[in-house]
1. I want to check the label-to-label distance for Leu187 and Gln272. Put each point 7 Å from Cα in the C-beta direction and report it in nm to one decimal.
2. Suppose every K and R has +1 on its Cβ and every D and E has -1 on its Cβ; what is the size of the dipole of the range 274-402 about the Cα centre, in Debye to the nearest 20?
3. Hey, if you put +1 on the Cβ of every Lys and Arg and -1 on every Asp and Glu Cβ in the range 302-402, which of Phe335, Val346, Trp400 ends up farthest toward the positive end of that dipole?
4. Running a GNM on the chain with Cα contacts under 10 Å, which residue among Val372, Val43, Val391 ends up with the highest mean-square fluctuation?
5. From the mean inverse distance of alpha carbon pairs (Kirkwood) and the Cα radius of gyration, derive Rg over Rh for the chain.
6. Please work out the C-alpha center-to-center distance from the range 328-402 to the range 221-272 and express it in whole Å.
7. Would you mind computing, in nm to one decimal, how far apart the modelled labels at Tyr75 and Thr395 are, each placed 7 Å from Cα along Cα→Cβ?
8. Taking the chain as a Gaussian network, Cα atoms linked when under 10 Å apart, which of Asn37, Asn16, Asn163 shows the biggest mean-square fluctuation?
Amino acid sequence: MKITDARVIVCCPGRNFVTLKIETEDGVTGLGDATLNGRELAVVSYLEDHVLPCLIGRDARCIEDTWQYLYRGAYWRRGPVTMAAISAVDVALWDIKAKCAGMPLYQLLGGRSRGGALVYGHANGRTLDEALAAVAQFKAEGFRAIRVQCGLPDIEKVYGVANGDGPYEPAKKGLPPEEQWSTPDYLRFVPQVFAKVRAEFGNGPLLLHDVHHRLSPNEAARLGQDLEPYRLFWMEDPTPAENQAGFRLIRQRTTTPLAVGEIFNTVWDCKQLIEEQLIDYIRATILHAGGVTHMRTIAALAGLHQVRTGMHGATDLSPVTLGAQVHFDTWVPNFGIQELMLHEPVTGEVFSCDYRFEDGYLVTGDKPGHGVEIDEAKAADYPYEPAYLPVNRLTDGTLWDW
Ligand code: EZ4
Ligand code: CO
């Protein structure tokens, strides 16, 4: 079954998405997501200029061989641009294979392991009162697990907090905006936030928090200890993870569970973290870590070491990725949780999906494939708009991790 056409669709229904559509000689099509927030066009060029010419004429059924061809065959391995491109091809080919088999993707992977994927939503507020109101709203909407982020009293703009009344969205149109950071203020304030949330909402909701790579291992150990009374589901990205051994310093000193990996590209980024059981949840995604094929490798290694999945699911992963991930979550034995930031309604004008939120879970339908389709004519109504993630500075102006 030859691949006869492959094209990249770039659109901005609310935010930028890069989508790959592969067509085969018998008319079956598959979709993959290649979105790399703030660096979208680099992946478009990687696909259009270097990958797609090699795909035409290949057998669409040979998913594994195509993965190896694009990974080993490129000579220049790994990295977010390469791996997002490989992922898009991989997910599109899994979509095609599942459609040909007449099965929803989770059946092809090994079948259903659970009714739905437990998801967590993003409650946030500029003030503690706003954050508490947001938690109440997520609870009322049926969320069982809630991430809580709150502005700092003396800092103008911090990670994870919406600007106005709309939902939090990290990318901004135009050049990178600047945010501020103060580690001492943060370390003092966050435990107060969770004390208040537990006092108000009790032990029922599962609570999560994202540190977003800003602390040293020693500071992260302090925060982990201070949060222990509030029994978090996880503390995410406590410190930048390039130095995987650094997590030993955190792990030995706190029982607050740790989740890492939303910016990882391959199993090599998390091998030590998993093998030494330095984390509890691996957040690598189908989109940025090489597709369904490579996420299976990561999840299998994680499973050997009692690490569970907790895949990234922010709005900069398109509905195509979310669709594929809900199938993966439905099957994977060592599933933990799935992040869910719902896309804006305008995104739904371009992408149709077969998953739905139900009572705190994401549940996939039974359409063959991953169940997500794109309306190319509608996509053309929403052309690409340059946008960037923010950069972050300490109060003295020093550039910091965002
Ligand atoms: O900052 O997806 O856990 N979620 C996150 C996200 C990331 C964005 C980056 O584009 O950390 O909000
Ligand atoms: Co995160």
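1. 2.3 nm
2. Working: 7 positive and 19 negative charges, 70 e Å.
Computed about the Cα centre, the dipole is about 340 debye.
3. So the residue furthest toward the plus end is Phe335.
4. Val391
5. Working: Rg = 20.5 Å, Rh = 21.4 Å.
Computed over Cα atoms, the ratio is 0.96.
6. 24 Å
7. That separation, rounded to one decimal, is 5.2 nm.
8. Maximum fluctuation in the GNM of the chain, among the listed residues, is at Asn163.
Values in this text are rule-based calculations from the coordinates and carry no lab data. The model shown is predicted, which means the values in this text are computed figures rather than measured ones. Virtual Cβ from ideal backbone geometry, glycine too; neighbours counted across all protein chains shown.
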